[in-house]
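Here is the structure we will look at, set down as structure tokens.
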Amino acid sequence: MKSILKYVFNQKKFILIAAIGMIGGVAAELILPYLNKVVIDNIIINKQTNLLFITLLSIFFITIFRALMGYVQEFTFDYVGSRISKSLKYDVFKHIQKLSFKYFDKTNTGELMSRISEDIDNIWMAFGFGIGLAIEFSLYFILGSIVLFYLNWKLALISLISAPFIAYLATKLENEIGKAFDKISDQTAVINTTAQENISGVRLVKAFAREKHEILKFLKLNDENYNLNIMKSRIWGKYFPTIEFLGNAALILVVTIGGMFVINENISLGTLVAFNGYMWMIVWPMRLIGWLSNILSQANASAKKIEKIFNEKEENYDGINLENVKGTLEFKNVSFKYENEYVLKNINFKIEAEKTLAIMGPTGSGKSTLISLISRFYEDYEGEILLDGINIKDISLKSLRKNISYIFQDTFLFSESVKENIKYGNENATDEDIINACIEAQAHDFIINLPEKYDTVVGERGLGLSGGQKQRLTIARGLLKHAPIIIFDDATSALDMDTEYELLKSIYSKEKQNTKIIIAHRISAVKNADEIIFLENGEIVERGNHEELLEKRGKYYDIFKEQFKDFEDLVRDEVI
Ligand SMILES: Nc1ncnc2c1ncn2[C@@H]1O[C@H](COP(=O)(O)OP(=O)(O)OP(=O)(O)O)[C@@H](O)[C@H]1O
């Protein structure tokens, strides 16, 4: 709760205004029953008509004042709730941006969506509504009780007879319903994840005709959600009617015994009417205590989940700011494991600035993992990675990532225009820069044939474009960054041979001033690299340039033979 309370404290100015509204309203509300007593005892029964005008005028102005204070209180609490929710949403989102790849490896998108939406809404509900009401009710309860004792202590004792029982039941309710909300919040996250995965994977569902399976999966989760909500209602049903009954019973008892006091002339009729008015002030809080604990428990459960996100360690952004990066990259005895098993074992290589390193190897051999370490996506590796001789762990994360352009295997595009998507690589790029990057990425020709050319909005994750088109846009985005190091993680796999050839010809060309790392499966994509390393089970098993590797007649040669088996002459020429 501590980190959430900080947000409340930041709103102290507005909370003070709301508190003034609340205290003003409570004070006005406390005066009204007393004025009713004056009307009945002094004006109606004792005929003190001289008090009529001033009493009615007071009632009139106090009612207006009450309404005004009510408005100030309601509006300001709502305002405070919205401000807390706004800054909390912003900070949770900002914090999530700084969490490590490891965190995202183990966390579902749907779960995070639940935290940012439902859980923050629950907190908003508590601060915009629940907590204010809880304080108001406490004030009514305490001040109302004091006035009741002042009016008649015997009746006051009777009116409070049920309070300890209500307090006991409310504590039990809070405890049980809190646990239920904890489960509901977790389960809502699972439903959100399932719905989100189903909708993004709807094409796969349809292609495999698995609609029924998906519906049943959702139905099961929905049933679980329903059962948890029913469990919550049962808890609510177990306590709430009893709490209400006890509140009402006290009211009936007071009216009955108070009536007898009036008949026996122990108290005046006006006192009984006023008593009844004050009695409501303590019965209401007692009746609504269950409902309030509902809101507060829910917010408490959500706050704990959000606090858990805040407790996740952010990536360390401190370090040296690089200037004039040349792009020499060196791996020294680097080993790495995600969980228990090493996926990279004792990797050693050095690429000089502006040279090209190609990485080949069977699927799962560790290629993507190796390059993900360069941008410090994972930091708990053994050994050292040096950029221009500086350990990358000493470089500021922002500076390091600014100097590396990473073109992922997964062609993620935002639901924005083609231009906006490409500009993501360099927000200061001019239209001319964007077009040049697209020409180089072999994307310009298809873009100008799109309905709105560069302004065409691509669907979610690039929907409406072919795999190869999406890949070319992501390459253009990477090229536009003009970083000293550029990494292609199997980024040309969806292109046809001709397009890939044209694209890589430009990438490999000597005028391009950056260090290139290319992961690819086709010999044609790697053969011009200055060095090729062949990974197997996380180890470098072969290294050299194209000619050297062919001469070795090892794994690279086998792949070459396999890919060019229809061109026996070429194979013979290359090897000789
Ligand atoms: N985030 C992760 N958490 C745990 N294990 C992972 C993670 N990412 C990859 N791995 C495992 O690490 C190993 C290497 O995976 P990696 O993606 O680096 O291989 P790759 O050579 O790039 O494969 P591909 O050619 O199929 O892309 C695999 O066994 C994979 O299952």
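The values are calculated or read from the model by the stated rules, or taken from the named source; none is laboratory data. Given the structure is predicted, the values throughout are model-derived calculations rather than measurements. Quick reminder, even Gly has a Cβ in these numbers, built from the backbone with ideal geometry, and neighbours come from all protein chains shown.
So which residues in segment 302-317 are at pLDDT below 85 and either crowded, with 18+ Cβ neighbours inside 10 Å or among the polar types (S, T, N, Q) (or both)?
Result: ASN316, single match.
Could you say whether any residue in segment 110-123 is in a helix (DSSP H, G or I), within 16 Å of the ligand (Cβ to nearest atom) and within 28 Å of the chain's Cα centre (by Cα)?
no
Kindly establish whether ILE161 is at pLDDT 80 or above, surrounded by fewer than 17 Cβ atoms within 10 Å (Cβ to Cβ), out of contact with any Ser or Thr (no Cβ under 8 Å at 6 or more places or on another chain) and not in a helix (DSSP H, G or I).
Spelling it out, ILE161 is indeed at pLDDT 80 or above, surrounded by fewer than 17 Cβ atoms within 10 Å (Cβ to Cβ), out of contact with any Ser or Thr (no Cβ under 8 Å at 6 or more places or on another chain) and not in a helix (DSSP H, G or I).
Six or more apart or on different chains, Cβ under 7 Å: which pairs go from a residue in segment 233-256 that's closer than 17 Å to LEU292 by Cβ to one that's in a helix (DSSP H, G or I) and of a type in the set (Ser, Thr, Tyr)? Could you list them?
Final answer for the pair search is none.
Considering only segment 477-501, state which residues are assigned to a helix (DSSP H, G or I) and within 19 Å of ASP433 (Cα to Cα).
Result: ARG477, GLY478, LEU479, LEU480.
Every residue, every condition in (1) within 16 Å of the ligand (Cβ to nearest atom); (2) in contact with a Lys or Arg (Cβ under 7 Å, 6 or more places away or on another chain), yes or no:
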| residue | (1), (2) |
| --- | --- |
| LYS367 | yes, no |
| SER372 | yes, no |
| TYR378 | yes, yes |
| TYR381 | yes, no |
| ASP394 | no, no |
| ILE407 | yes, no |
| PHE414 | no, no |
| ASN428 | no, no |
| GLU432 | no, no |
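All but one of (1) of a type outside the set (Asp, Glu); (2) out of contact with any strand residue (DSSP E or B) (no Cβ under 8 Å at 6 or more places or on another chain); (3) surrounded by fewer than 14 Cβ atoms within 10 Å (Cβ to Cβ); (4) at pLDDT 90 or above hold for ASN348; state the number of the condition that does not hold.
ASN348 satisfies all of (1) of a type outside the set (Asp, Glu); (2) out of contact with any strand residue (DSSP E or B) (no Cβ under 8 Å at 6 or more places or on another chain); (3) surrounded by fewer than 14 Cβ atoms within 10 Å (Cβ to Cβ); (4) at pLDDT 90 or above except (2).
I'm checking my understanding of the structure. Among residues of segment 502-522 that are surrounded by 20 or more Cβ atoms within 10 Å (Cβ to Cβ) and part of a loop (DSSP other than H, G, I, E, B), which one is farthest from the ligand (Cβ to nearest atom)?
ASN514
Every residue in segment 425-445 that is within 15 Å of GLY468 (Cα to Cα), crowded, with 16+ Cβ neighbours inside 10 Å and not small (Gly, Ala, Ser), please.
Within segment 425-445, CYS438, GLU440, GLN442, HIS444 qualify.
Please find, within segment 525-552, the residue that is nearest to the ligand (Cβ to nearest atom) out of those that are assigned to a helix (DSSP H, G or I) and in contact with an Asp or Glu (Cβ under 7 Å, 6 or more places away or on another chain).
Here the answer is ALA525.
Kindly provide the set of residues from segment 323-343 that are over 18 Å from GLU382 (Cβ atoms) and either surrounded by fewer than 14 Cβ atoms within 10 Å (Cβ to Cβ) or at pLDDT 95 or above (or both), ordered by number.
GLU323, ASN324
Given the conditions (1) away from the ligand (no atom under 16 Å from the Cβ); (2) within 26 Å of the chain's Cα centre (by Cα); (3) surrounded by fewer than 17 Cβ atoms within 10 Å (Cβ to Cβ), which single one is not true for ASN421?
That leaves (3) as the condition not met.
It is to be established whether one or more residues within segment 207-215 are within 27 Å of GLU111 (Cα to Cα), at pLDDT below 85 and not in a loop (DSSP other than H, G, I, E, B).
yes
Return only the number of the condition from (1) surrounded by fewer than 17 Cβ atoms within 10 Å (Cβ to Cβ); (2) closer than 27 Å to GLY144 by Cβ; (3) free of Cβ contacts under 8 Å to residues at least 24 places away in the same chain that TRP291 does not satisfy.
So the condition that TRP291 fails would be (3).
How do the helices (runs of 4 or more DSSP H) wholly within segment 1-107 filter down when requiring 3 or more residues that are loosely packed, with under 13 Cβ neighbours inside 10 Å: which remain?
Result: 2-9, 12-37, 52-97.
Assess whether ILE320 counts as being of a type in the set (Val, Ile, Thr), modelled with pLDDT under 90 and more than 22 Å from ASN537 (Cα to Cα).
Judged against the criteria, ILE320 is a match.
Please go through segment 155-197 and give me each residue that is more than 22 Å from GLU244 (Cα to Cα) and over 22 Å from the mean Cα position of the chain (by Cα), ordered by number.
Hit for segment 155-197 is LYS179, nothing else.
Restricting segment 300-356 to residues that are more than 27 Å from the chain's Cα centre (by Cα) and among the aromatic types (Phe, Trp, Tyr), which is farthest from ASP394 (Cα to Cα)?
This residue is TYR342.
Given LEU99, LEU32, LEU88, which one is under 18 Å from ASN122 (Cα atoms) and touching a residue at least 12 places away in the same chain (Cβ under 8 Å)?
Only one candidate qualifies: LEU88.
Being at pLDDT 90 or above and either farther than 30 Å from GLU339 by Cα or basic (Lys, Arg) (or both) is true for just one of TYR90, TYR103. Which residue is that?
Of TYR90, TYR103, the one residue that is at pLDDT 90 or above and either farther than 30 Å from GLU339 by Cα or basic (Lys, Arg) (or both) is TYR90.
Is at least one residue of segment 168-183 more than 30 Å from ILE282 (Cα to Cα) and either part of a helix (DSSP H, G or I) or out of contact with any strand residue (DSSP E or B) (no Cβ under 6 Å at 6 or more places or on another chain) (or both)?
There is at least one residue in segment 168-183 that is more than 30 Å from ILE282 (Cα to Cα) and either part of a helix (DSSP H, G or I) or out of contact with any strand residue (DSSP E or B) (no Cβ under 6 Å at 6 or more places or on another chain) (or both).
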